[in-house]
Amino acid sequence: MTRTSAPAQTPAPGVWEELVTAALLGTDRRTPPGIPPGPRAPAALLDAAAAETVRRRAGLRPARAARRPDPAPVDPRPALPAAAARRLAMLLADRSGTAGGGRRGTAPDLKELLPQWLAMANARGFVAPPQALPALLDAARGRTDLRPAALAFAGPRALWLARLNPDWRFVLRAMPGGDAALPRPGDTERVRELWRHGLFAERVALLTAVRAHDPAAARELLAGTWPAERAEDRLMFLDSLRTGLGPDDEPFLEQALTDRSRNVRATAAELLSALPGSALAGRMAARAAVCVAVDHTGDGPRLVVEAPHECDAGMERDGVVARAPAGRGERSWWFGQLAEAAPLATWPARLGGRTPREILALPVADDWRSELHAAWCRAAVRQRDAEWARALLGSPSSPEAGGPGAVSLAERARLLATLDSGERAVWVAGFIAAHGLSEAFQLLGVCAVPWAAPLGRAVVDALNIARDAGSYPWSFSGVMGLAERCLDPSEAGRLDGLLAAPEEAEDASPGAGGYWAEAFQRLVTTLRLRAVMAEELGGTPEAGAGEPGAADPGPATRGAGPA
Amino acid sequence: MTQQGVRWTADQVLALAPDAASRSAGGRLGAAGPWSGTGTGEGAVWGLCKDSGGEPYRTVVDVADASAPAFACSCPSRTAPCGHVLGLLLLWSGGEVPAAPDPAPDWVGEWRAGSAVREGTVEGAGSAPGPAAPEAARRRAERRAARITAGATELEQRLADLLRAGLATAEQQGYGLWEETAARMVDAQAPGLAARVRELGAIPASGPGWPVRLLEECALLHLLDQGWLRRERLPDGLAATVRSRIGLPAPADGPPVRDHWLVLAQHDAPDPRLTTRRIWLYGTATHRTALLLSYGAAGRAPDLSLPVGLALDAEVSAYPGAGRLRGALGEQFAPPGPASARPPGVTTRQAAARYGEALREDPWLDAVPVTLGRVVPVPDGDSWQLADADEDTALPLAPAARSRPGLWRLVALSGGAPVTVFGECGHQGFTPLTAWPQGEGEAVPLH
């Protein structure tokens, strides 16, 4: 029975039950009291049941209220302007719409604009309209790339809502304080209490929250219970020290180098090597330095590498993994790890006072060049050393930059992430001008949005060249999609000349011109729409939405963040 | 109409969409990119839409009357309005369609001339016959009444047979028996009886408690049969209710009531053959609630569209029958516009009482329209209820309302705090249709 409201008090209890029983069995077998058996019995039963049904319905009263949920916390952020709220509803409504096949036509792809819209709304500090939360959470459930921005926008009410609907359980894991009401980091008493008795997930969340607020307090919390923690828990806890890593953490990490667990030791060593002033970094510097020297015996100076002959206990204690993966020589494996963990400042001093650029320009004997340069790349990324990164990247127009040089494109993307956004954009613009678009996708992914003017211009020029070369636009659909999301909307006017279908050249692919015109039209339409979106959110277009685009290949996101 | 109405809101436009797919298609096309030659004037909006190569589609919408827009598009889509119509209207609602200084292009004029010819269609099949042949009409009505009487008598016999053998046999007999009986009621020109009979067939498969529900519905069907067979002896009001429940058409003969009608809810019940749109209105001056029904053939949105939250200055006439809730929209004195008014709310106790009272006039009534003031959605086991903020009482949500996405919009809107909720309250529970947040805030459709 679906109804839960109680019928009004029944003057003759059991009348209805009698009617139901008789109806189930049939009047040939049973008639309720007051109805004589016979041919009129069914009608009499229906008469009585009709009166009883209407009486029961007319007498319905409300049920008792169940236990109410605690109200959602108040979110003090200002509400969206009406036009922006409507735009959000439209962006969210589109997410299931464009399933069919590849993207064609000139209309913007709304669901690709949702991440940007969220970034802008977050930058301007708006609160999500409560009634939009279900659609927002459904969208975030389907797209992990959307989650951080969507949940930041959704705010504490989303957490409140997710506790009521198992479909949104991911929110509880993804949001700080999701699994329980976390104490405020400053509330020492309750923090200690939860740290001592909480579930593992609660403790990780707690440690992360405290670390973001007060790095030393988090470290002390962890040190207090360290020996009693299980190995896999220790690994997770240690990982939380990446946030706000600093010289004060060294003694604790140094102690973790003697841990029973190999993974814990490796993680501690990795964190220590990201602190160029640490003792471990010094020991690694000493070990690495003896392996590399300048050799003056030939025509000019060159670098010679003498890889270690053994992996001793000290090296292992400092996190060097002794066993090489299949297919790699042991000695080069050990050497790579030493060079990666040694502070980069070691090298100019060791190699005759040369600058990074001069060091990298030296020839390297016996095919050690790619091994050595690759280790320095990893070191530059880990230590966030812009000078070395710049030197390793070299000139964007050099032939090696586009080919399979010592440094792969993925490594270049990670190196670029250590430079400031303006320098990054200029380098990638230079790369595209020299090498075209086919290799540029990964590099574009680490550039700040909206693209700086020189970068945007380089991309549009390269697309124009690709069109003139007679290929089809879908060979460039990845870059085209990025351009729709990342090009500065103020560049839309610059594209006007590309909107018309050009005359077909003889050697061009059939119909390509029309498709290009269509692709450029979609680009311009999308840019205009983005400008409108920004205006609706009340501000200059794109201000504050400077994070890399959704296609971010994820360069070194786990590296030690800025302290 | 020559007057250039106000631009519609995007909500108004999207409410025209027959389904989610065309809504999102419209959203994609609602940007300047694919459009050329757009313009607006003389109550129309037009433009050319280049979608994927080939000739651009010609799209034109007559926007003079927001409640019944007429439109045409040369695209091959079979949904109406298609994505191009919606996209063009969105573009227009965003202020991106220029007012045309010149007359509209020829093709726009041609279409409008054609549509003017088509205008003036009557409201559905059951309208009253003209006065030309009153005698013939009377004879037709008598013949029909006789057929319904025969049908009702036969149905009484079937119900008696069922009760004699016991409801338990209904489970074994399955759906076929009821389908056949329903077909007999269609032959008897009693569509109201046919629909009820068809619903009976589904009850034995509807889960625990089905014998109780089957007995209730059999008893109410029996009551309706008996009401028809003795309609001469019923009071006028109840007789009119019986006729309308049986399915006899009658014109909306109530006096036209002019008011500022607030649109409380609009929702569609889709069916493969016919979409039924229910629109609830609330008269801010008369405090009357009226239900407008409008229908669309398969895949087409019903003609009438009144987005929630707007209000219109118009006349509504009531159809005969109990409560006189169903109405027909008469003259509209201005296009619908935004409104901040809200209907006054009642407690859950008052809502339940209101349903009980309404049953006195119409015992077949499943639910009444009610606005609950200050209620909180509260989880209750597997289900939900709306609990009074200031009392310890609550109405359970109707089973169909538990699984709808609208439930979560309602819960999110409330956040544990009191909200105002309009919906239908009956023996199955409460079906929320629209909610308003505490304090300021627009109406949020839940359907």
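The values are calculated or read from the model by the stated rules, or taken from the named source; none is laboratory data. Being a predicted model, the structure only gives us computed values, none of them experimental. All Cβ positions, even for glycine, are placed from backbone atoms using ideal geometry, and neighbour counts span all protein chains on display. The area values use the complete protein model at the heavy-atom level, side chains included, leaving out ligands, DNA and RNA. Shrake-Rupley method; radii C 1.70, N 1.55, O 1.52, S 1.80 Å.
Among helices (runs of 4 or more DSSP H) entirely within region A:182-268, having at least 2 residues that are closer than 25 Å to A:Met315 by Cα singles out A:231-239, A:250-256.
Could you tell me whether region A:431-438 includes any residue that is closer than 24 Å to A:Asp488 by Cβ, part of a loop (DSSP other than H, G, I, E, B) and within 23 Å of the chain's Cα centre (by Cα)? Give the steps one after another, and end with the answer.
The initial filter retains those residues of region A:431-438 that are closer than 24 Å to A:Asp488 by Cβ, namely A:431-438.
Among the residues that remain, those that are also part of a loop (DSSP other than H, G, I, E, B) are: A:436-438.
Filter again for within 23 Å of the chain's Cα centre (by Cα), leaving none.
Looking through region A:431-438, none of the residues is closer than 24 Å to A:Asp488 by Cβ, part of a loop (DSSP other than H, G, I, E, B) and within 23 Å of the chain's Cα centre (by Cα).
Taken as a whole, the structure leaves A:Thr31 outside the set of residues that are of a type in the set (S, T, N, Q) and either open to solvent by less than 20 Å² (accessible area, probe 1.4 Å) or facing chain B (nearest Cβ under 8 Å) (or both). The condition of being of a type in the set (Asp, Glu), more than 14 Å from chain B (Cβ to nearest Cβ) and open to solvent by 20 Å² or more (accessible area, probe 1.4 Å) holds for only one of A:Asp187, A:Asp233, that being A:Asp187.
Looking at (1) more than 28 Å from B:Val419 (Cβ to Cβ); (2) open to solvent by 80 Å² or more (accessible area, probe 1.4 Å); (3) without any contact (Cβ under 8 Å) to a residue 24 or more places away in the chain, which one does B:Glu361 not meet, given that it meets all the others? That leaves (3) as the condition not met.
Filtering region B:408-424 to residues that are open to solvent by less than 10 Å² (accessible area, probe 1.4 Å) and more than 17 Å from B:Leu365 (Cβ to Cβ) leaves B:Leu410, B:Val411, B:Ala412, B:Ser414, B:Gly415, B:Val419, B:Val421, B:Phe422. Does A:Val210 qualify as being closer than 23 Å to A:Val191 by Cα, touching a residue at least 24 places away in the same chain (Cβ under 8 Å) and open to solvent by less than 30 Å² (accessible area, probe 1.4 Å)? Yes; evaluated as a whole, the condition is true for this residue.
Exactly one residue out of A:Ala48, A:Ala84, A:Ala89, A:Ala79 is in contact (Cβ under 8 Å) with a residue 24 or more places away in the chain, more than 7 Å from every other protein chain (Cβ to nearest Cβ), among the aliphatic types (A, V, I, L, M) and open to solvent by 70 Å² or more (accessible area, probe 1.4 Å), and it is A:Ala79.
Scanning region A:413-428 for residues that are touching a helix residue (DSSP H, G or I) at 6+ places or on another chain (Cβ under 7 Å) and open to solvent by 10 Å² or more (accessible area, probe 1.4 Å) returns A:Arg414, A:Thr418, A:Arg424, A:Val426, A:Trp427.
Filtering region B:330-344 to residues that are among the polar types (S, T, N, Q) and within 20 Å of the chain's Cα centre (by Cα) leaves only B:Gln332.
Scan the helices (runs of 4 or more DSSP H) fully inside region A:275-380 and keep the ones with 2 or more residues being of a type in the set (Asp, Glu).
On the way: elements: A:279-289, A:313-317, A:330-341, A:346-350, A:356-361.
Helices (runs of 4 or more DSSP H) meeting the threshold: A:330-341.
Against the conditions (1) of a type outside the set (Phe, Trp, Tyr); (2) open to solvent by less than 40 Å² (accessible area, probe 1.4 Å); (3) over 22 Å from the mean Cα position of the chain (by Cα); (4) more than 30 Å from A:Leu136 (Cα to Cα), B:His427 satisfies every one except (3).
If you go through region B:336-358 and keep only what is more than 11 Å from every other protein chain (Cβ to nearest Cβ) and crowded, with 20+ Cβ neighbours inside 10 Å, you end up with B:Pro336, B:Pro343. If the condition is being crowded, with 16+ Cβ neighbours inside 10 Å, without any contact (Cβ under 8 Å) to a residue 40 or more places away in the chain and touching a Leu at 6+ places or on another chain (Cβ under 6 Å), then region A:251-266 contributes A:Leu253, A:Val264. Within region B:1-54, track down each residue that is assigned to a loop (DSSP other than H, G, I, E, B) and modelled with pLDDT of 80 or more. Hits for region B:1-54 are B:Pro34, B:Lys50.
Within region B:368-423, the set of residues being touching a Gly at 6+ places or on another chain (Cβ under 9 Å) and at positive phi comprises B:Arg374 only.
Within region B:150-187, being in contact (Cβ under 8 Å) with a residue 60 or more places away in the chain and either closer than 21 Å to A:Leu24 by Cα or more than 34 Å from the chain's Cα centre (by Cα) (or both) holds for B:Leu155, B:Glu156, B:Leu159.
Within region A:440-474, the set of residues being open to solvent by 30 Å² or more (accessible area, probe 1.4 Å) and in a helix (DSSP H, G or I) comprises A:Phe441, A:Gln442, A:Ala453, A:Pro454, A:Arg457, A:Asp461, A:Asn464, A:Ile465, A:Arg467, A:Asp468, A:Trp474. Can you spot a residue in region A:485-495 that is polar (S, T, N, Q), surrounded by 15 or more Cβ atoms within 10 Å (Cβ to Cβ), assigned by the TED database to the domain that holds A:Leu523 and more than 22 Å from A:Glu112 (Cα to Cα)? Within region A:485-495 (the criterion being polar (S, T, N, Q), surrounded by 15 or more Cβ atoms within 10 Å (Cβ to Cβ), assigned by the TED database to the domain that holds A:Leu523 and more than 22 Å from A:Glu112 (Cα to Cα)), the answer is no, since none of the residues qualifies.
For every residue, the table says whether it meets (1) away from chain A (no Cβ under 14 Å); (2) crowded, with 22+ Cβ neighbours inside 10 Å.
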{"residue": "B:Arg158", "(1), (2)": "no, no"}
{"residue": "B:Ala165", "(1), (2)": "no, no"}
{"residue": "B:Ala188", "(1), (2)": "yes, yes"}
{"residue": "B:Arg198", "(1), (2)": "yes, no"}
{"residue": "B:Glu217", "(1), (2)": "no, no"}
{"residue": "B:Leu238", "(1), (2)": "no, no"}
{"residue": "B:Trp261", "(1), (2)": "yes, yes"}
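Considering only residues in region B:387-429 that are assigned to a strand (DSSP E or B) and within 9 Å of chain A (Cβ to nearest Cβ), the one that is farthest from B:Leu291 (Cα to Cα) turns out to be B:Thr393.
For region A:524-537, a residue qualifies if it is more than 9 Å from chain B (Cβ to nearest Cβ) and of a type in the set (A, V, I, L, M), and the qualifying residues are A:Leu527, A:Ala531, A:Met533, A:Ala534, A:Leu537. Here B:Gly209 does not qualify as more than 14 Å from chain A (Cβ to nearest Cβ) and surrounded by fewer than 18 Cβ atoms within 10 Å (Cβ to Cβ).
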